[in-house]
Amino acid sequence: MEIVPVINCLDRICIRERWEGLRKLDAHAVHFDVADGVFAPVVSPLTPQLLRELLREDPDVHIEIHLMVRDPEVVIEAWLEAGAKRIIAHIEAAHDIPYLMRMAEEYGALPVLGVMQKTEIKKIAGVLEAHGIRDAHLLEVAPGFSGQEMNPKASERIRTLRSEIPDVRITIDGGVDALTVVAIRDAGAVRAVSSSFIWESEHPREAYESLKKIGEEKM
């Protein structure tokens, strides 16, 4: 299982600090939350321009953008132009999934379908199949703030989705820590993103390494 640190700050100072912190983690990929205050109850300080500035400093970091926004079609190209290599748009907000896929592919990025915890797995599977998408990002907390507990039904949802689409690549987002990562790994998730467990730890690198170690263990 791959572990990716999350930067979901509420101000630019925090973004800068955690971007610098990626070097200490020796992490080569990062997941950014982008929220609009409508789909999620916060507004992200990250902008495409700031992302460009960060990438000028560290161009080799693989950028994943999680669009927790009402109209992903309106903003997707700006984030792709800024350097996103993996772009997540939510099934609950998207109006034109083929367009989102085309834009991602045009910029050489991977399109991923984001799903909230209350959305039924059958609906997810149907949309994935209809559009030939094989990457699903299951947000197993309410959108917005870090530090929430993972949905207790997350593992069940992973197993159900994998039974519907055996080759689906599932990422889990929300409440990922040293305990929950075991359950979601064993249920069949192949990726997990984590924020508070890493950054709020007394020793962020040790916390990150502990998740990576568990993720690499066999069931």
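The values are calculated or read from the model by the stated rules, or taken from the named source; none is laboratory data. This is a predicted model, so every value here is computed, not measured. Virtual Cβ from ideal backbone geometry, glycine too; neighbours counted across all protein chains shown.
Summary table below
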| quantity | calculated |
| --- | --- |
| Residue list for the range 103-120, filter: over 22 Å from Gly83 (Cβ atoms) and surrounded by fewer than 21 Cβ atoms within 10 Å (Cβ to Cβ) | Met116, Gln117, Lys118, Thr119, Glu120 |
| Condition met for Ile133 (closer than 25 Å to Tyr99 by Cβ, touching a Ser or Thr at 6+ places or on another chain (Cβ under 7 Å), surrounded by 14 or more Cβ atoms within 10 Å (Cβ to Cβ) and without any contact (Cβ under 8 Å) to a residue 60 or more places away in the chain) | no |
| Out of Pro98, Pro41, Pro45, Pro72, sole residue that is surrounded by 18 or more Cβ atoms within 10 Å (Cβ to Cβ) and touching a residue at least 24 places away in the same chain (Cβ under 8 Å) | Pro72 |
| Test: Pro166 is within 18 Å of Ala35 (Cα to Cα) and out of contact with any Pro (no Cβ under 7 Å at 6 or more places or on another chain) | no |
| Some residue of the range 57-66 being part of a helix (DSSP H, G or I), of a type in the set (A, V, I, L, M) and either in contact with a helix residue (DSSP H, G or I) (Cβ under 8 Å, 6 or more places away or on another chain) or closer than 16 Å to Ala142 by Cα (or both) | no |
| Number of the condition not met by Ala136 [criteria: (1) closer than 21 Å to Arg16 by Cβ; (2) part of a strand (DSSP E or B)] | (1) |
| Among the candidates Met103, Met68, residue that is more than 17 Å from the chain's Cα centre (by Cα) and modelled with pLDDT of 95 or more | Met103 |
| Filtered residues of the range 82-93 (kept if among the hydrophobic types (A, V, I, L, M, F, W, C), touching a Gly at 6+ places or on another chain (Cβ under 9 Å) and either farther than 29 Å from Met150 by Cα or surrounded by 20 or more Cβ atoms within 10 Å (Cβ to Cβ) (or both)) | Ile88, Ala89 |
| Selection within the range 177-204 - assigned to a loop (DSSP other than H, G, I, E, B) and in contact with a Leu (Cβ under 9 Å, 6 or more places away or on another chain) | Asp177, Ala178, Gly188, Ala189 |
| Filter result (under 11 Å from Pro111 (Cβ atoms) and either more than 17 Å from the chain's Cα centre (by Cα) or not hydrophobic (A, V, I, L, M, F, W, C) (or both)) within the range 71-84 | Pro72 |
| Residue in the range 139-158 that is modelled with the lowest pLDDT, counting only those that are within 25 Å of Ala104 (Cα to Cα) and part of a loop (DSSP other than H, G, I, E, B) | Gly144 |
| The range 52-65, subset β-branched (Val, Ile, Thr) and buried (at least 19 other Cβ atoms within 10 Å of the Cβ), residue nearest to the chain's Cα centre (by Cα) | Ile65 |
| So Ser155, is it farther than 22 Å from Met68 by Cβ, without any contact (Cβ under 8 Å) to a residue 24 or more places away in the chain and surrounded by 14 or more Cβ atoms within 10 Å (Cβ to Cβ) | no |
